[in-house]
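A short reminder: the numbers here are calculations on the coordinates, not readings from a lab. Predicted model only: the values in this text are computed from it and were never measured. Here the Cβ is made from the backbone with ideal geometry for all residues, glycine too, and neighbour counts use every protein chain on show.
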Amino acid sequence: MAKNPWKFINSTLQYENPWITVEEHNVLNPNGGEGIYGKVHFKNVAVGIVPLDEDGNTWLVGQYRYPLNEYSWEIPEGGCPIGEQELDAAKRELKEETGLIAENWQELLRIHTSNSVSDERGVVFLAKNLTQGETQFEETEDLKIKKLTLEEAFQMVMNGEITDSISIAALLKLKIILTQ
């Protein structure tokens, strides 16, 4: 592992809510110059799920993403609060957003979503042997659910119709795994 060339001097909390904190760090950069660095700390681990049935179908959820001012198609995703097991959070999010319950779970990948400004980390699971149940949307969710083939989801990535980093990484990795 490489030695950290950044030198931390101090930090100031700029903003906090139940999901994030924003800090301004005074630092010495790798060349010894004084500077500041903004850091967004996420209080949850992002969890994503690629549900896959025996026919090669998956599910995406569509929703309007306020920070982007855009509609977004994504794999089912949510937050895992500190102290909760990531797999338990993934099971909960899959059920809430799609109504699906999976018998088999496998970790697919771990990801840092935007490591130049944030410490957010995520984990994505592959969910198989699916049973359909009822959705349980949260108050902030106005979701559309789309069942499609994994190949169609992959093409949405390739066509720029899916831009969410966790979804892209998960769908591309699964495509590579399944074609090896």
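Between GLN155 and ARG92, with labels modelled 7 Å along Cα→Cβ, what's the label distance in nm to one decimal, could you check?
3.7 nm
Which FRET efficiency, nearest 0.05, do ASP142 and THR163 yield, Cβ-Cβ r, R0 22 Å?
The pair ASP142/THR163 has a calculated efficiency of 0.70.
What size of dipole, in debye to the nearest 20, comes out for the range 31-97 about its Cα centre when the only charges are +1 on Lys and Arg C-beta atoms and -1 on Asp and Glu C-beta atoms?
360 debye
Go through the range 106-157 and name the chymotrypsin sites (Phe, Trp or Tyr not before Pro) that are in a DSSP coil and have 16 or fewer other Cβ atoms within 10 Å of their Cβ.
Answer in residue order: PHE137.
Which links in LYS95/LYS146; LYS128/LYS173; LYS39/LYS91; LYS95/LYS173; LYS95/LYS147; LYS95/LYS128 stretch past 19 Å when you go from one Cα to the other? Mind dumping the intermediate values first?
Values: LYS95/LYS146 15 Å; LYS128/LYS173 16 Å; LYS39/LYS91 30 Å; LYS95/LYS173 23 Å; LYS95/LYS147 15 Å; LYS95/LYS128 13 Å.
Beyond 19 Å between Cα atoms: LYS39/LYS91; LYS95/LYS173.
Of the peptides 33-41, 71-79, how do they stack up when ordered by the mean number of other Cβ atoms within 10 Å, highest first?
Those peptides, ordered most packed to least, come out 71-79, 33-41.
What FRET efficiency comes out for the pair ARG65/SER116, r = Cβ-Cβ distance, R0 = 25 Å, nearest 0.05?
0.80
Let's see if you can work this out: charge +1 on each Lys and Arg Cβ, -1 on each Asp and Glu Cβ, no other charges. What is the dipole magnitude of the range 44-179 about its Cα centre, in debye to the nearest 20?
380 debye
Per 0.36 nm of contour for each residue apart, how much would the distance between ASP55 and TRP19 grow if the chain were fully extended, relative to their Cα-Cα spacing?
Here the answer is 9.2 nm.
Working out 0.36 nm times the residue gap between THR179 and THR12, then minus their Cα-Cα distance, what length gain in nm do you get to one decimal?
Numbers: separation 167, 0.36 × 167 = 60.12 nm, distance 4.82 nm.
Difference between extended and current length: 55.3 nm.
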